[in-house]
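The structure under discussion appears below in the form of structure tokens.
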Amino acid sequence: MKVKEALHNTTKTLANNASDEALLEAELLLMHAMDLGRTGLYLRLEDDLPSQCGGALSELVDRRLRREPVAYILKNREFFGLYFYVGPGVLIPRPETELLVEEVAGLVKLKFPSGDPIIADVGTGSGAIAVSLARLLPKARVYATDISAQALDTAALNCIRHGVRVDLLQGDLLVPLPQPVDMIVANLPYVADGDMAQLSDEIREYEPAVALAGGKDGLDIVRRLIVDAPDKLRNGGVVLLEIAPSQAEVLESWATGLDSWSSVDVIRDYGGVARVLRLVLTKRQ
């Protein structure tokens, strides 16, 4: 079998099993089986597929047909232009979360021209946000907290992979932080209990529920962080939280009613979809 036939057959198999990105997934699985990049793959389309690669590809496809996410199969996921090790104990980083990194970078440029704020990534998981910020802002001090030791082990591997220093701290939300910080950034669990069963098989069966389930309306953990954050922020500090678009209005209204915040607003992505809640701490006298 030629490599191009293997690519065609794999794409067809995945497409017939409800893959929305069959060609991309087929490329990734075949690249992994052959230990090639995309350019190398397409340069070898007319070559015979080595038998050992055919066997490896078959195993990878079988795993995907059981709805295992490609990121877990490959143990790799791109985020903010970097590649991160991911495994079943951590949430797979999503492109929409990159908006959090962009917003932090914009605030640092505005408020910290020397580029040296203290930042906390709460519920860090794979460490994608914290590592991206540490790479982008080498003078910043970055803390990353998570209740899961497994998640922190994964984050540590990604710190090593990208050559950055991030202070990894185990504990619940803000509790482990040793000092007040300038910014808190978080992608916390925000899926409502009633919506958990509606998630795709890939998410529901493979990704950690503790990183997804946010209580009855999805906001239990988010609200708790917003209430606790003022005690962990320096004067004029900022919180940036990823939220579900459907939660934006109710969460903004609730947070605006609290005395702690001088401003509360929703940030939309390039498609106009509400993605991030930004809260600015009322300056203390």
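Every number in this text was worked out from the coordinates using simple rules, so none of it is lab data. A quick note: this is a predicted structure, and the numbers were derived from the prediction, not measured. Using ideal geometry, Cβ is built from the backbone for each residue, glycine included, and neighbour counts are taken over all protein chains shown.
Numerical summary
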quantity	calculated
Size of charge dipole - the stretch 3-66 - debye, nearest 20, with Cβ of Lys, Arg +1 and Asp, Glu -1, no other charges	120
Cα pair distances of the stretch 37-115 binned at 10 Å [whole percent]	15, 29, 29, 16, 9, 3
Assigned charges on the beta-carbon of Lys, Arg, Asp, Glu; the chain dipole about Cα centre (debye)	800
Label point distance in nm, Leu199-Lys283, each placed 7 Å from Cα along Cα→Cβ	4.2
Reciprocal mean inverse distance between Cα atoms of the stretch 87-147 - Kirkwood radius, Å	12.0
Square roots of five times the Cα gyration tensor eigenvalues for the chain, Å	39, 21, 16
Asp259 versus Ser246: modelled label distance in nm, points set 7 Å from Cα along the beta carbon direction	3.5
Exposed trypsin sites (Lys or Arg not before Pro) absent - longest run of the chain, DSSP non-H/G/I/E/B, at most 14 other C-beta within 10 Å	217-282
log10 of Debye I(q)/I(0), alpha-carbon scatterers only, for the stretch 51-173 at 0.17, 0.20 Å⁻¹	-0.83, -1.06
The stretch 3-66: relative contact order as a whole-number percent, Cα under 8 Å and 6+ apart	39
Set of lysines near Lys232 by C-alpha distance (under 29 Å), chain-local residues within fewer than 8 positions excluded	Lys109, Lys111, Lys139, Lys216, Lys283
Stokes-Einstein D (µm²/s) once Rh is taken as the Kirkwood radius of the stretch 209-277 over alpha-carbon pairs, at 25 °C in 0.890 mPa s	191
Estimated 222 nm signal from helices in the chain, with DSSP H stretches of n ≥ 4 weighted -39500 (n - 2.57), rounded to 500	-12000 deg cm²/dmol
Estimated distance in nm for a label pair at Gln150 and Lys12, the labels positioned 7 Å out from Cα along Cα-to-Cβ	3.8
Angle in degrees between helix 98-111 and the longest Cα principal axis of the chain, rounded to the nearest 10	40
Extension reserve of the Asp20-Arg44 stretch, reckoned as 0.36 nm per residue once the Cα distance is removed	6.1 nm
All lysines inside 22 Å of Lys2 as judged from Cα atoms, apart from same-chain residues fewer than 8 positions distant	Lys12
Calculated from backbone phi, Karplus (6.51, -1.76, 1.60) coupling profile of the stretch 29-44 in Hz, x at Gly/Pro	5, 5, 4, 5, 4, 9, 6, 10, x, 5, 4, x, 4, 6, 6, 10
Cα pair distances in the stretch 87-236, grouped into 5 Å bins until the bin that holds the longest one, percent each	2, 10, 19, 22, 22, 14, 7, 4, 1, 0
Projected area averaged over orientations for the stretch 3-66, convex hull of C-alpha atoms, nm²	3.7
Pairwise FRET efficiency - Lys109 versus Gln52, Cβ, R0 = 51 Å, nearest 0.05	0.55
